[in-house]
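Data block below; observations after.
The values are calculated or read from the model by the stated rules, or taken from the named source; none is laboratory data. A quick note: this is a predicted structure, and the numbers were derived from the prediction, not measured. Cβ: placed from backbone, ideal geometry, glycine included. Neighbour counts: every protein chain shown.
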Amino acid sequence: MKSIILIAPPAGGKGTQSNMLKEEYNLPHISTGDLLRGASKDDSNISKEINKIMQEGRLVPDHIVMTLLKARIEKDDCNNGYILDGFPRTVEQAIAYENILKELGKENGYVILLDTNKEDAKARIANRVSCPKCGRVYNNIIEDLKPQVINQCDDCNSALVHREDDNAETYEKRYNEYLEKTQPLIDFYKEKNLLYEVDNNVDVDYTFSQIKKIIGE
Ligand SMILES: [Zn+2]
């Protein structure tokens, strides 16, 4: 088993597939957002630096993210692989990540592109609702992602909300931004023969079955 990077447009089902992978293979799920939140809580120098940057509303520079990421994937629970969420987003980050893997003597992982039809994703996003309390995401038009009781969180019973920017017009813009930003990263991994493309337009289970075939364990 190796590490897995999933690339998908907004509402492309990345979160759902990550959760399925996590359960099926018992892999840790590493998101840079969680790493930063975790690291800002202790008393270390890096924590002070992160807090300062976040208070000033600046973007945390790559070198800090890389330091945290390296420390995280060095842990034993990552020996059998892990799922990287929201990273890398740029070619620069991909190169820095590759260097970390080299330093740690780890193999390059699978980079899996969820090839997603824009119109389908648009319909999904218009029906996406989430729990304001625990953050769980649901979808009213996807069988596996529907809440048990309409408009109510299965986990904590809170009323579900629909994000205002989850609509067709803003989706168009977000999708185009995604394409523009992500294409260089896709090309980078394609050239290195690390990219796998998966048809993400049938249903959640079909997408997952294809990912399992790629990983093959
Ligand atoms: Zn909830």
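Figures for the structure shown
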item	result
Checking residue 112 against (1) part of a helix (DSSP H, G or I); (2) β-branched (Val, Ile, Thr); (3) surrounded by 14 or more Cβ atoms within 10 Å (Cβ to Cβ), the condition it does not meet	(1)
Pick from segment 100-141, criterion within 16 Å of the chain's Cα centre (by Cα) and charged (D, E, K, R), ranking: nearest to the ligand (Cβ to nearest atom)	136
Count of segment 63-85 residues which are of a type outside the set (Val, Ile, Thr), assigned to a helix (DSSP H, G or I) and surrounded by fewer than 18 Cβ atoms within 10 Å (Cβ to Cβ)	6
Residue ID - nearest to residue 26 (Cα to Cα), chosen from residues in segment 86-97 that are assigned to a helix (DSSP H, G or I) and out of contact with any Phe, Trp or Tyr (no Cβ under 9 Å at 6 or more places or on another chain)	96
Hits in segment 144-165 - residues which are touching a helix residue (DSSP H, G or I) at 6+ places or on another chain (Cβ under 9 Å) and either near the ligand (Cβ under 8 Å from one of its atoms) or free of Cβ contacts under 8 Å to residues at least 24 places away in the same chain (or both)	164, 165
Which numbered condition residue 135 fails, given (1) part of a helix (DSSP H, G or I); (2) free of Cβ contacts under 8 Å to residues at least 40 places away in the same chain	(1)
Members of segment 164-188 found to be over 14 Å from residue 7 (Cβ atoms) and aliphatic (A, V, I, L, M), listed by number	168
Residue, surrounded by the fewest Cβ atoms within 10 Å (Cβ to Cβ), within segment 145-160, restricted to residues that are within 25 Å of residue 174 (Cα to Cα) and at pLDDT below 95	146
Of all residues in segment 122-132 being in contact (Cβ under 8 Å) with a residue 40 or more places away in the chain and either touching a helix residue (DSSP H, G or I) at 6+ places or on another chain (Cβ under 7 Å) or in a loop (DSSP other than H, G, I, E, B) (or both), the one that is nearest to residue 16 (Cα to Cα)	125
Only listed residue being within 30 Å of residue 120 (Cβ to Cβ) and not in a loop (DSSP other than H, G, I, E, B), chosen from 20, 54	20
Qualifying residue in segment 192-200 (condition: of a type in the set (S, T, N, Q) and assigned to a helix (DSSP H, G or I))	no
